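Quick one: the structure is below, and I'll ask about it shortly.
The values are calculated or read from the model by the stated rules, or taken from the named source; none is laboratory data. Quantities reported herein were computed from a predicted structural model and do not represent experimental measurements. Virtual Cβ from ideal backbone geometry, glycine too; neighbours counted across all protein chains shown. Heads up: the accessible areas ignore ligands, DNA and RNA and are worked out on the full protein's heavy atoms, side chains in. Shrake-Rupley method; radii C 1.70, N 1.55, O 1.52, S 1.80 Å.
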Amino acid sequence: MDYDIKDITLAEKGRLRIEWAEMSMPVLRMIRERFSNEKPLEGIKLSACLHVTTETAMLMRTLKAGGADLVLCASNPLSTQDDVAAALVADHEIPVYAIKGEDHKTYYSHILSALKHKPHLTMDDGADLVSSIHFIALEKWDDLEPSVAAWGKGLSQDERKQFLSQVLGGTEETTTGVIRLRSMEKDGVLQFPVISVNDANTKHLFDNRYGTGQSTIDGIIRATNRLLAGSTFVVSGYGWCGRGVAARAKGQGAHVIVCEVDPLRALEAVMDGYHVMPIEEAAPLGDFFCTLTGDINVIRAEHFLQMKDGAIICNSGHFDVELDLPGLKEHSVAQRPIREFVEEYTLENGHRVYLLGQGRLINLAAAEGHPSSVMDMSFANQALCAEYMTKNHERMERKVYRVPEEIDKEIARLKLESLGVQIDTLTEEQKTYLSSWHMGT
Ligand code: NAI
């Protein structure tokens with residue numbers, strides 16, 4: 001079996017950590033059991049490009065139990081858990097291509113391995129796999145990493161057509177990936193249907209908010225061991241992720257400042273009790289800065305130069321473009337690693353700014369990503385959407401689809417059941433009342 005991981009002897013540690021995650025993933029366990037009996041993914045070749053974590057291992061086991069022929073590559077150079085990659089190879093015979101800290105070239109050589117699997121289904125977190133397929137299909141060689149471009153060019157026209165036509169569809173995990181896919185749909189270039197798992201209520205309301213909230217603070221604390229209580233914590237972006245981080249930072253006793261560009265979200269932040277101001281005003285006040293916007297150059301050189309000596313900056317949005325790192329380097333006179341995941345930049349004004357996790361998602365770079373319990377729902381969506389796509393692709397167009405409501409509701413029901421929480425049901429009278437316009441005051 002072909003694979004590329006750091007060290008296969010790490011498998012035992014990975015096995016125990018996967019077992020630990022499994023305990024908190026009852027919904028995925030139920031799906032795995034059904035998949036083992038029904039084999040809904042039999043004959044399906046699936047390439048997954050996801051953060052290689054213990055929870056992803058649980059998803060891979062579920063898909064494999066369903067009959068899928070799988071490969072897994074990393075969706076971020078710094079998020080791979082090498083012991084999990086080893087356990088997936090050694091215990092589950094799933095080819096994994098992922099090494100924590102891999103460089104750009106290796107990252108894309110791993111994506112290339114996922115492409116060479118010639119998938120029927122793709123599963124992305126950030127759309128790097130799907131966009132590579134599209135660049136090949138559209139012969140946009142300049143947009144591809146050279147080794148992937150060379151492979152694509154090496155295929156004949158017929159082989160390229162065949163490669164694309166066998167992709168039935170895909171799924172996308174995160175906000176940034178969905179933004180990329182929607183813009184492909186808008187430009188008329190999307191070549192197959194994709195389900196936006198991120199849009200499921202059982203995904204973003206929980207994963208983005210509570211998962212990113214807890215794990216981002218966890219990453220910052222593990223990287224710095226600094227006290228949040230009494231500090232000033234600046235959150236850029238008050239979307240689902242930003243709301244979670246702001247709430248958890250406040251819970252730790254920080255004074256939270258929110259920076260937003262959307263008036264509605266900014267207003268919500270005001271009424272949730274945060275200070276809201278532009279980044280220009282927040283820059284000199286913050287002890288910690290965290291970006292979660294999905295946008296580019298949110299904190300720039302002019303802001304770094306305003307910061308206090310010792311300010312800590314990090315990102316938990318999908319790509320490492322939210323902090324203007326070239327600008328930071330340009331205005332620095334010295335740079336050194338000071339502890340794991342912390343790089344000290346001495347600016348031309350003498351102030352030191354500390355960059356965490358190279359500006360990559362801090363919750364995955366310095367901590368372990370989202371807790372399993374929340375990924376249980378996100379990955380239940382992934383597994384059920386892979387099944388849905390396999391059954392329904394012929395009726396689907398080249399569009400970005402929301403997760404079907406029945407899947408979303410079923411996952412919420414199963415999660416509640418696993419938590420032992422019961423809820424009320426509507427009486428016949430209430431059903432009639434709620435569906436009629438006859439009864440007023
Ligand atoms: P969202 O769309 O709900 O929120 C983003 C917010 O950022 C919006 O309110 C938008 O108005 C604001 N924004 C955009 N540009 C801005 C700027 N220049 N300054 C201030 N605010 C700005 O998105 P969501 O779901 O919160 O995701 C945010 C990012 O986090 C995405 O890149 C997503 O892929 C990523 N993500 C990361 C996770 C992790 O594990 N760290 C988990 C889930 C999502």
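Please verify whether region 197-208 includes one or more residues that are closer than 30 Å to LYS118 by Cβ and in contact with a Leu (Cβ under 9 Å, 6 or more places away or on another chain).
No, the conditions are met nowhere in region 197-208.
Table: residues versus (1) in contact with a helix residue (DSSP H, G or I) (Cβ under 9 Å, 6 or more places away or on another chain); (2) surrounded by 19 or more Cβ atoms within 10 Å (Cβ to Cβ); (3) over 26 Å from ALA380 (Cα atoms); (4) without any contact (Cβ under 8 Å) to a residue 24 or more places away in the chain.
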site	(1), (2), (3), (4)
LYS161	yes, no, yes, yes
SER165	no, no, yes, yes
VAL189	yes, no, yes, no
TYR210	yes, yes, no, no
SER231	yes, no, yes, no
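Only one of SER47, SER36 is open to solvent by less than 40 Å² (accessible area, probe 1.4 Å) and either within 28 Å of TYR108 (Cβ to Cβ) or modelled with pLDDT of 95 or more (or both). Can you tell me which?
SER47
Condition (residue is near the ligand (Cβ under 10 Å from one of its atoms) and either in contact (Cβ under 8 Å) with a residue 24 or more places away in the chain or aromatic (Phe, Trp, Tyr) (or both)) applied to region 344-361: is it met by at least one residue?
yes
Still on this structure: Could you please find all residues in region 304-319 being surrounded by fewer than 24 Cβ atoms within 10 Å (Cβ to Cβ) and either part of a helix (DSSP H, G or I) or not assigned by TED's automatic domain parsing to the domain that holds SER231 (or both)?
none
Also: Determine whether GLU387 is out of contact with any helix residue (DSSP H, G or I) (no Cβ under 6 Å at 6 or more places or on another chain) and assigned to a helix (DSSP H, G or I).
It is true that GLU387 is out of contact with any helix residue (DSSP H, G or I) (no Cβ under 6 Å at 6 or more places or on another chain) and assigned to a helix (DSSP H, G or I).
Determine the pairs where a residue that is surrounded by 10 or more Cβ atoms within 10 Å (Cβ to Cβ), located within region 429-440, has a partner that is at pLDDT below 95 with Cβ atoms under 9 Å apart, the partner being 6 or more residues away or on another chain.
Going by the 9 Å Cβ cut-off, the qualifying pairs are THR432/MET439; TYR433/MET439.
Quick test for you: out of GLU280, GLU322, pick the one residue that is within 16 Å of the ligand (Cβ to nearest atom), among the acidic types (Asp, Glu), in the same structural domain as ALA246 (by TED's automatic domain parsing) and loosely packed, with under 15 Cβ neighbours inside 10 Å.
Checking each option against the conditions leaves just GLU280.
Show the residue pairs that are 6+ apart or on different chains and have beta-carbon atoms under 6 Å apart, the first residue being within region 50-66 and in the same structural domain as PRO95 (by TED's automatic domain parsing), the second being assigned to a helix (DSSP H, G or I) and modelled with pLDDT under 95.
These pairs meet every condition: HIS51/LEU364.
Has region 325-332 got any residue that is aliphatic (A, V, I, L, M) and more than 16 Å from the ligand (Cβ to nearest atom)?
Checked region 325-332: at least one residue is aliphatic (A, V, I, L, M) and more than 16 Å from the ligand (Cβ to nearest atom).
Turning to a different aspect of this structure: If I ask for residues that are part of a loop (DSSP other than H, G, I, E, B), of a type in the set (Ser, Thr, Tyr) and either open to solvent by less than 30 Å² (accessible area, probe 1.4 Å) or in contact (Cβ under 8 Å) with a residue 40 or more places away in the chain (or both), which ones from region 390-426 would you list?
none
Follow-up. When you scan region 327-338, do you find a residue that is touching a helix residue (DSSP H, G or I) at 6+ places or on another chain (Cβ under 6 Å), in a helix (DSSP H, G or I), surrounded by 18 or more Cβ atoms within 10 Å (Cβ to Cβ) and hydrophobic (A, V, I, L, M, F, W, C), even just one?
Yes, the conditions are met somewhere in region 327-338.
In the set SER79, SER109, SER75, which member is assigned by TED's automatic domain parsing to the domain that holds ARG160, farther than 22 Å from GLU387 by Cβ and within 16 Å of the ligand (Cβ to nearest atom)?
SER79
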